[in-house]
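What follows is a single structure, written as structure tokens, with notes after it.
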Amino acid sequence: MSENISRAYELAKERYAEIDVDVDKALQILKTIPISVHCWQGDDVAGFERDDGALGNGLAVTGNYPGRARTAEELRNDLELAYSLIPGKHRLNLHAFYGEFHGSIDRDEIGIEHFQSWMDWSASHRISLDFNPSYFSHTKAVDGFTLAHQDAGIRQFWIDHGIACRKIAAAMGEAQGNPCINNFWVPDGFKDTPASRKAPRERLADSLDKIFAEEISRELTLDAIECKLFGIGSESYVVGSHEFYLGYAISRNKMLCMDAGHFHPTEVISDKISSVLMYVPELLLHVSRGVRWDSDHVVTFNDELQAIMHEIVRGDYLSRVHIGLDFFDASINRVAAWAIGTRNTVKALLVALLEPTQKLQALEKEGNYTARLALMEEHKSMPWSAIWDYYCQACDVPVGAKWLETVGQYERNVLSLRSQESVTH
């Protein structure tokens, strides 16, 4: 271990001890908090059902950086490199159309056998899996509706897909020994003003009730439902709004998923965490960065990211909040995007854990808002980066920007060659 990093760490510990923060305890807690890294950053949300990689249904990926993963094996190789650059032990979030199908398998027919290779990889690398049904990029979703479709046959197709995904998630949870979070997001909505906002929401609630009709142990899988303000092609009306899913989650005892880019540009999810956790059992976060809209930019170490993590720690919600990522950028190296976004998320968690929360809350209870504000501001210049460097080194991952050298070499030796090679799914 570098003597300079160790010396800086010890000095930083002394500084934090002066404000009653136990740095060793903070790092012990940090090691126990997994981030669910999303698979779709590595291949531009293309999946492995077909070769055209067409998206649609409210999704778009911009950029054409070389080296997109074209097979599950390539994606797993890229993920392994990304995990080696990120301190801590984390999870993987899979979408349903990332199975290995080896033939014409429609989404209402998928089974755990199509994800066996992912489960084998998960076991060998001790990386637990989360899951998502895929309600987009499909011929039965071309008009913008799935579970809320007027056609009962199309609704049933997507209901069957959701039921199949719950069984897959439960099998994953049983195999890995901890619950697989299964998150439902649907793109249903209208481009222009609807004549009835009520009817699609009634159909969506009925479809979800059918999907969740079978009781599955929470030790195997946790069902989550994700809201959205608008999407491409659903600018005027989204069936699954925040209010719809909040009510559904409360009344059906489901986990609510909040995405940082799924609200009005003036709204932030950090302000909603304490409110929704009064009424729902657990919360799933899709940490992203919207720029003027739900554009899923790579997570940076910005004010909202830090506010999210502060809110989780200050509210003592670490056992009830599950943190996942959701961004996709094809304009930069995709492995680097994973590393940047996930490292920033872990950094923000560390900073929140290093805050003298009890002291701040005691000052607030006393009505000493002057001291509260002063300490909050002074904390921003505390030497947390020395703790971060030590944590990275202790986890045997690169310190500072040294990880870029590893990514650069991988790009030269692997990613840059993919456009020159043929591939067989």
Handout entry: Test: residue in the range 188-196 that is out of contact with any Phe, Trp or Tyr (no Cβ under 8 Å at 6 or more places or on another chain) and surrounded by 18 or more Cβ atoms within 10 Å (Cβ to Cβ)
Key = no
Practice task
Among the candidates LYS347, LYS359, single out the residue that is within 26 Å of the chain's Cα centre (by Cα), assigned to a helix (DSSP H, G or I), surrounded by 15 or more Cβ atoms within 10 Å (Cβ to Cβ) and basic (Lys, Arg).
Solution key: LYS347
Exercise for the section: Mind listing just one residue for me: the one in the range 22-80 that is surrounded by fewer than 20 Cβ atoms within 10 Å (Cβ to Cβ), more than 23 Å from LEU417 (Cβ to Cβ) and among the small types (Gly, Ala, Ser) and, of those, modelled with the highest pLDDT? Expected result: ALA60
Problem - Residue under evaluation ASP303, criteria (1) without any contact (Cβ under 8 Å) to a residue 40 or more places away in the chain; (2) within 24 Å of VAL399 (Cα to Cα); (3) crowded, with 21+ Cβ neighbours inside 10 Å, criterion not met - result: (3)
Exercise for the section: Answer yes if at least one residue in the range 326-337 is in a helix (DSSP H, G or I), in contact with a Ser or Thr (Cβ under 7 Å, 6 or more places away or on another chain) and more than 22 Å from LEU229 (Cα to Cα), and no otherwise. Expected result: no
Exercise for the section: Determine if the range 374-383 includes at least one residue that is at pLDDT 95 or above, more than 28 Å from the chain's Cα centre (by Cα) and among the small types (Gly, Ala, Ser). Expected result: yes
Problem - Leading residue by the ranking (nearest to ILE312 (Cα to Cα)) among those in the range 353-403 that are touching a residue at least 40 places away in the same chain (Cβ under 8 Å) and among the hydroxyl-bearing types (Ser, Thr, Tyr) - result: THR357
Handout entry: Matching residues, the range 222-236, being in a loop (DSSP other than H, G, I, E, B) and of a type in the set (Asp, Glu)
Key = GLU235
Fill in the blank from the handout: In the range 174-219, anything small (Gly, Ala, Ser) and closer than 24 Å to SER251 by Cβ is listed as GLY189, SER196, ALA199, ALA205, SER207, ALA213, SER217
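Quick check on SER134: is it among the polar types (S, T, N, Q) and in a helix (DSSP H, G or I)?
no
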Completion exercise
When every residue in the range 201-221 that is assigned to a loop (DSSP other than H, G, I, E, B) and charged (D, E, K, R) is compared, the one farthest from PHE157 (Cα to Cα) is GLU219
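The values are calculated or read from the model by the stated rules, or taken from the named source; none is laboratory data. Note that the structure is a prediction, hence the values are computed from the model and not measured. For neighbour counting, all protein chains shown are included, and Cβ atoms are generated from backbone atoms with ideal geometry for every residue, glycine included.
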